[in-house]
Number of protein chains: 2
Amino acid sequence: MDHITKQAAEPLPVTPSSATHKAYAALRRMILIGEFSPGEKLKIDTLRKVLDTGASPVREALSLLTSDQLVERIDQRGFRAAATSKANFEEILGLRCHLEDMALRKSVANGDDAWEERLVLAHHRMVREGRDNDEAFEERHKAFHMALLDNCDSPVLMKFCNQLYDLNIRYRYLAGRALGYQKRDIAREHADILAAAIERDADLAARRLIDHYRQTGAFLTDLLDDNGQPRD
Amino acid sequence: MDHITKQAAEPLPVTPSSATHKAYAALRRMILIGEFSPGEKLKIDTLRKVLDTGASPVREALSLLTSDQLVERIDQRGFRAAATSKANFEEILGLRCHLEDMALRKSVANGDDAWEERLVLAHHRMVREGRDNDEAFEERHKAFHMALLDNCDSPVLMKFCNQLYDLNIRYRYLAGRALGYQKRDIAREHADILAAAIERDADLAARRLIDHYRQTGAFLTDLLDDNGQPRD
DNA sequence: AAGTTGTAAAAACTCGATATTTTCAGGTGT
DNA sequence: ACACCTGAAAATATCGAGTTTTTACAACTT
């Protein structure tokens, strides 16, 4: 029996543990939840201290975030948190509707039992998490929405959807608590999308998904001024 | 009159001159024209010598290319040129058709004289360059296609189209000289797209553009094996 | 007062060296 | 023969210092 002891001692870190990756994850989170205001200068040295790491990982992380469009880079002049605007928000909303519609339809078309089970699970985890913990819920919420799409068998499309989803989260946090005031049954909307997906009714699922986005979108648009800041 | 002398003394370097940017441009070019084979390991130290620069710029450039999906990164294990496959090529082709269709229609909808003139100019430059110099023509060719789209007033969409276009160039170079054997009048196709755009006929322009892509796509597909390598 | 120029501080960028991790070849025991 | 361990070599990732560029501000000119 001895010869299998070492077998799987370590769980094989699927999550990268490099300083660069940690800096990337931390900075991404900070930008999404609004710890930096749009356009704010991101000084290497400051971040280096905050994240307790070297300048190289910080720079690399910021470079990666640049391509996610969460950070803007000006040559020889450093990095800033990406600017926001109502136009940008509406562009993202429109693209999201378009691309997620496409991805969802492909997902449904490829639908199998395994996907169905992943969906149910992702939905359950989201529901169970509840709204108590904003950040944790946000993560489950994203996981559910991405699970709807990830059967589309199109990695590039998924990457785009992922990116756009993140950009949207940021606007949601910018609008802040006001979002709670919506008179909508979000839980019901999610359940209805799930149901349509399980029924393999692509048209219905896509319509419900897009309505879901557009309603939140319309609500958010009213809340934001031209620069994407909360109105009052 | 003196008070305007200094007005625009320096052309204000629009082209960034940092080592990172130069490394990025050089590596992007090398990957697009196929100087690295798909999946090839990109060793920092080797590239450092080839590009005659430090390790930091090389790493940052590779990070940026990662987000362009031209380079893949494996944590603690360095960078590789992105893999290719027929599936990937076809995914890119499909997305391109979809997104460029959308962008072109928006461009036409926003069409004005200035855009029309930019189009004519971009087309002329492409024609004038001729096929003598592959790389130069490639640049003009891209400029023309992007000019068709860039009036869509949607920066994020443009970024996606740009990225997909680059990914496609790479497959075009992979297929190599064989592409010349096509029995098609490419110049005519371009002229027809241009004409439809100038006429503000969005449906016709979009149809012609997509046919243009799908024809090249079908030709390329036949030429590539499952791993995206030339068949013979 | 408005604008220009010069200088000092700050920040970004780059480099070379060090530390950490991975890879690979050779040896050992089953 | 096969898997497993071991240790040297190679490559990556990270750090800290040095260089270059930008920014801020004050003094000077018109």
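Net charge near residue B:168: determine it from the other residues with C-beta under 13 Å of the C-beta of residue B:168, scoring Lys and Arg +1 and Asp and Glu -1. Every neighbour counted, the sum reads -1. Taking the helices alone, chain A has a mean residue ellipticity at 222 nm of -21500 deg cm²/dmol, built from -39,500 (n - 2.57) per DSSP H run of at least 4 residues and averaged over all its residues. First check a/c for region A:102-225, with a ≥ b ≥ c the square roots of the eigenvalues of its C-alpha gyration tensor; if it is under 1.5, answer rounded, and if not, answer prolate when a/b is larger than b/c or oblate otherwise. Prolate. In nm to one decimal, list the spacings between the residue B:176 label point and its equivalents in the other copies, with label points set 7 Å along Cα to Cβ, shortest first. Residue B:176 label point versus its equivalents elsewhere: 6.2 nm. Rounded to the nearest Hz, the phi-derived 3J(HN,Hα) couplings of region B:183-188 under the Karplus curve 6.51 cos²θ - 1.76 cosθ + 1.60 (θ = phi - 60°) are 9, 9, 9, 4, 4, 4, where x marks glycine and proline. Around the amide H of residue B:71, modelled in the peptide plane, lie the amide H atoms of B:66, B:82, all under 5 Å away and 5 or more residues distant in sequence or on another chain.
Each other copy holds its own label point for residue A:131; taking that point as 7 Å from Cα along Cα to Cβ, the gaps run 6.3 nm, nearest first. Nearest-to-axis residue in chain B, judged by Cβ distance to the rotation axis that brings B onto A and given in whole Å, is B:67, 1.
Computed over chain A, the convex hull of the alpha-carbon atoms projects to a mean area of 16.4 nm². Here is how far apart the residue B:98 label points are across copies: 1.1 nm, shortest first, using a point 7 Å from Cα toward Cβ. For region B:19-81, the Kirkwood radius over C-alpha pairs fed into Stokes-Einstein at 20 °C and 1.002 mPa s yields D = 190 µm² per second. For the residue pairs B:106/B:159; B:43/B:159; A:159/B:86; B:22/B:159; A:22/A:142; A:22/A:49, the alpha carbons lie more than 22 Å apart in B:43/B:159. Phi angles across region A:141-153 convert, under the Karplus curve 6.51 cos²θ - 1.76 cosθ + 1.60 with θ = phi - 60°, into 3J(HN,Hα) values of 4, 5, 4, 5, 5, 5, 5, 4, 9, 6, 8, 6, 6 Hz, Gly and Pro given as x. Report the residue, chosen from B:203, B:68, B:52, that carries the largest GNM mean-square fluctuation when chain B is represented by alpha-carbon nodes joined by springs under 10 Å. With Cα springs under 10 Å in chain B, the top fluctuation among B:203, B:68, B:52 is at B:52.
Rounded to the nearest 20 Debye, what is the dipole magnitude of the protein assembly as shown about its Cα centre when Lys and Arg each give +1 and Asp and Glu each give -1 at the C-beta? Dipole of the protein assembly as shown, to the nearest 20 debye: 1000 debye. Across the residues of B:98-104, average count of Cβ atoms on other protein chains within 10 Å? Mean partner-chain Cβ count within 10 Å for B:98-104: 2.
Cross-link partners of residue A:183 among lysines, defined as those whose alpha carbon lies under 16 angstrom from its own and excluding same-chain residues fewer than eight positions apart, are absent. For the residues of A:156-163, the average number of beta carbons from a partner chain within 10 Å of their own beta carbon is 4.
We did not get these values from a lab; they are worked out from the coordinates using the rules stated. Everything numeric here is computed off the predicted structure, so don't read it as measured data. Quick reminder, even Gly has a Cβ in these numbers, built from the backbone with ideal geometry, and neighbours come from all protein chains shown.
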